[in-house]
Amino acid sequence: MPKALLTSLGSVAAIAAGLLVAGCHAPARPDATTARGELALSVQALGIGNYSAARNHAQAAIKADPQSGLAHAMLARSYLSVGDGIAAEGEITRATAAGFDPARTHHLLAHAWLLQGQADKALGEAAKAPPRYTAYANRVGARALAAGGDPARAKAALDTLLAAAPNDSFAWSDLGRIQYQTGNLAGAIQAATRATAANANNVEALTLRGELVRAQYGLVAALPWFESALAHDAYYVPALLDYAATLGEVGRYRDMLAATRKALAARPGNAQALYLQAVLAARAGKDDLARQLMARTKGQLDTLPGALLLNGTLAYRAGVYQQAIDAWSLLVGQQPTNIVARRLLGAALLRSGDPRGALDALKPVALRADADSYTLALVGRAFEQSGERDWAARYLDRAAFPAVVGSAPLGTDDGLAALALTARETPDEPVAQLGLVRGLLEAGDNAGALAKAQSLVALTPGAPDAYLALGDTLMALNRYGDAAAAYRHAIDLRFDEPTMLRTMDSLDRAGRRAEAANVLALFVSQNPQNVAGQRLAAHWQIAGGDWDAAIETLERLRRRIGNRDAALLAELSYAYTGAGDADVGLVFGKAAYALTPMNPAATDAYGWALYQQGKSAPALQLLEKAASIAPERSTLRWHLGQAYADLDRGAEARTQIRAALADPGFGDRAAALAALKVLG
């Protein structure tokens, strides 16, 4: 033994003797019996999916016998289960220092390094594991391959493992996670289902099932899966975070806050929990608190989409436009098809005095047939600031019309030749093939787009985006029923807003309105806070004459988004007027018209409320204006025809009513035919 170490030990002995003389107690003697009992409880808790309890019992075992290498190893295993790689590595080091066989730690150490983001190091360490731990090590190795950008090899490794052990629940859940990350939702759903069937105590699989159900069916359907995971371990952080995020999306903010607090109790300083609390604070208008909470994340999430969106929003509200632009530019770079991000970036660039930059950001959205009025108005103002008044007028005119119900593909700035070259060079890359389908559609080559879309579905049958591309192509070919079938395949995998809108649009155009209504009802039941779903539900309630339900839906929306949305106010005017309260209908119609006097729906709603009050003469001016702005809208023609009839202008009334009846989609056909009969 080195002399320095002997001297050190001698000094420690002298100090200990001095403490004893001073009346201090010697450390408690190891209690091996208690340690063994706690270890047994830790193993039992781990087996039933209560990882937090497993950790606590392992810590109790160490307290009873600090030199138990097995207890330290068990604590490391528990830390790995809750996703704490740093703490696990420390316990592995203590275990081997206490005499635990290092050969029994290679798979654990590999897992710890993987959790710390060291995929290459984890892969090398996993390869050292002895045969007894091969399955665990191979799972870690597969996850390391996926993290290193090679999901194909990762999947192959897990397929090999599952061929030998088809009931390995954790291998199935690892496979499901990898499939999910690569966009193969069908494969992910199948793997996660096998994982939970093989082991109902696998909380990783239960959590993954919650994530997949949220995408596949909706927010509300996902909650029981997260709750099931938390029933095993109330402090399992991954489940708590997904649960909290989902609760927030369905509007259960108190429960969301409670879940984030639990996550922070289990993992103090957890950046994701702090971010979710910041989102909650921002929604409540507490921007200073939101900024403080984001500061506590110490920049760990600053490059992730959610944090970029939130940080940009907080900066924009504070008038620090360049910070907002920086955040949202990064977000658009990561997610070029994110319409909300593009809209926000365009608004910030325009506010900062960069109209050309705003146009570049907004162009792909403005090219869509269903571009919203706000985006179109931003583009119009950007052209105004650039001195291009002709283009400004075109977009401001489009902004005056309500957005088309439905969802269209995002426009692209890439040329068709470049997209085709990329697709040829990477024939097995789904993103490149999807880009080519979009490019062919924009170029008007619908037949070419259809062939490519069909090939894309064959290449990635588990990816919803492939079915969406096929549906979009079939819609362009006016094959609405076939498009609905393609969109249905997408819905079976991912039931989100764009998929819902496309499916409804295709079913409606195919004359299958009852099916479209069922799709909408299911979506709204699962996503009760979704604005587009609520708007569409109210629109259909009005079309069906369900005035009270429409008022309830629209008033709930108005409380959330305020009184500056002309389309919402116009719909409220129609609903109140239809329910027999034209006085309130007039208030909302007038407010909508004041915001957008060239909006045909707002103009007509204002005039219709006046008409229902018996004020046909002033109503007529507004109804004529609305019909002149949008002569193709049969409802506007029908309203105008009734006003003409009341003013004894029979010929003009007949002209307008017949124009309304010429529209196959016109709903008040019986009443219009009866009115024509009276007019003669």
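Just so you know, all these numbers are worked out from the coordinates, no wet-lab data involved. Not measured: the values here are computed from a predicted model. Neighbour counts run over all protein chains shown; Cβ positions are idealised from the backbone, glycine included.
In this structure the amide hydrogen of Asn270, modeled in the peptide plane, comes within under 5 Å of no amide hydrogen from residues 5 or more places off or on another chain. For Cα extents along the principal axes in Å, the value computed from the atomic coordinates appears in the list (1) 71, 70, 55; (2) 115, 58, 48; (3) 105, 102, 49 under label (2). Shape class of the stretch 599-640 from the Cα gyration tensor (axes a ≥ b ≥ c, square roots of the eigenvalues): prolate, since a/c reaches 1.5 or more and a/b is larger than b/c.
Taken about its Cα centre, the chain carries a charge dipole of about 1040 debye when Lys and Arg each add +1 at the Cβ and Asp and Glu each add -1 at the Cβ.
Highest mean packing first, where packing is the average number of other Cβ atoms within 10 Å per residue, the peptides 554-563, 66-75 line up as 66-75, 554-563. Taking a straight line from the alpha carbon of Lys615, these lysines sit under 26 Å away, with near neighbours fewer than eight places off in the same chain left out: Lys590, Lys625, Lys677.
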